[in-house]
């Protein structure tokens, strides 16, 4: 089945491309979602007539998505779940859970915009990709923990480790500068 794409679709093509897709994908997803038209002379003429409007609407959606991505840049969402002592979750964290956490943070996204390869099944900190527009995506930080206190302890430990690393780097810089100063005096 050949279709004319009405918007950019990842791993398929750009707006206006005539691409060959499997019949089920075209009939069950692209056509009902109004992401494509069947490829024939009439629809090609309709597309050419609407091309300027479609491109303008696409640019508007893209600029809105870029603004939201800028606001989301350092977003860190927390999901509290029950877990075993080993860190293994009882259940998993899915796209729906992440969507709910991002909505609580004040951003309105859909579950299908959250890109996960596999559900998360362990406690930890993960990077999650959120696709706001076919051309705009943003990575957010997902923290999965047993309780809020556990998160605070982990952040305190991370801050302490960062301070220690900065102090060691400063001492190393001083140690490296000392032989240069002695050589200059001699």
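A few points about this structure:
- Relative contact order for the stretch 2-68: 31 percent, from Cα pairs under 8 Å spaced at least 6 residues apart, divided by residue count.
- If you run the Gaussian network model on the chain, springs between alpha carbon atoms under 10 Å, then out of 140, 109, 46 the most flexible one is 46.
- Rounded to 5, percent antiparallel among DSSP beta bridges of the stretch 76-182: 75 percent
- Per residue, the average separation of C-alpha pairs within less than 8 Å and at least 6 apart gives the stretch 76-182 a relative contact order of 26 percent.
- Debye intensity ratio in log₁₀ form over the Cα atoms of the stretch 107-159, taken at each q of 0.20, 0.28, 0.32 Å⁻¹: -0.81, -1.10, -1.26
- For the chain, the relative contact order is 17 percent, taking Cα pairs closer than 8 Å that sit 6 or more residues apart in sequence and dividing their mean separation by the residue count.
- Taking each DSSP H run with n ≥ 4 as -39500 (n - 2.57) and averaging over every residue of the chain yields -15500 deg cm²/dmol at 222 nm.
- Among 36, 175, 84, residue whose mean-square fluctuation peaks in a GNM of the chain (springs only between Cα atoms under 10 Å): 175
- With Cα atoms, 0 to 90° folded angle of helix 95-104 axis to the chain main axis: 70 degrees
- Rounded to 10°, Cα long-axis angle of helix 41-72 versus longest principal axis of the chain: 20 degrees
- The alpha carbons of the stretch 76-182 give a radius of gyration and a Dmax of 19.4, 63 Å, in that order.
- Length added when fully stretched, residue 62-residue 135, from 0.36 nm per residue minus Cα-Cα: 25.6 nm
- Max mean-square fluctuation residue, GNM over the chain, Cα-Cα springs under 10 Å, options 172, 45, 162: 172
- Taking Cα atoms only, the orientation of helix 148-185 departs from the longest principal axis of the chain by about 60 degrees.
- Within the chain, DSSP assigns beta bridges of which about 80% are antiparallel (rounded to the nearest 5).
- Sorted from greatest to least, the principal axis extents spanned by the alpha carbons of the chain come out as 85, 53, 29 Å.
- For the stretch 2-68, fraction of C-alpha pairs farther apart than 15 Å, in %: 52 percent
Where a number appears in this text, it was derived from the coordinates with a stated rule and is not lab data. These figures come from a predicted structure and were not determined experimentally.
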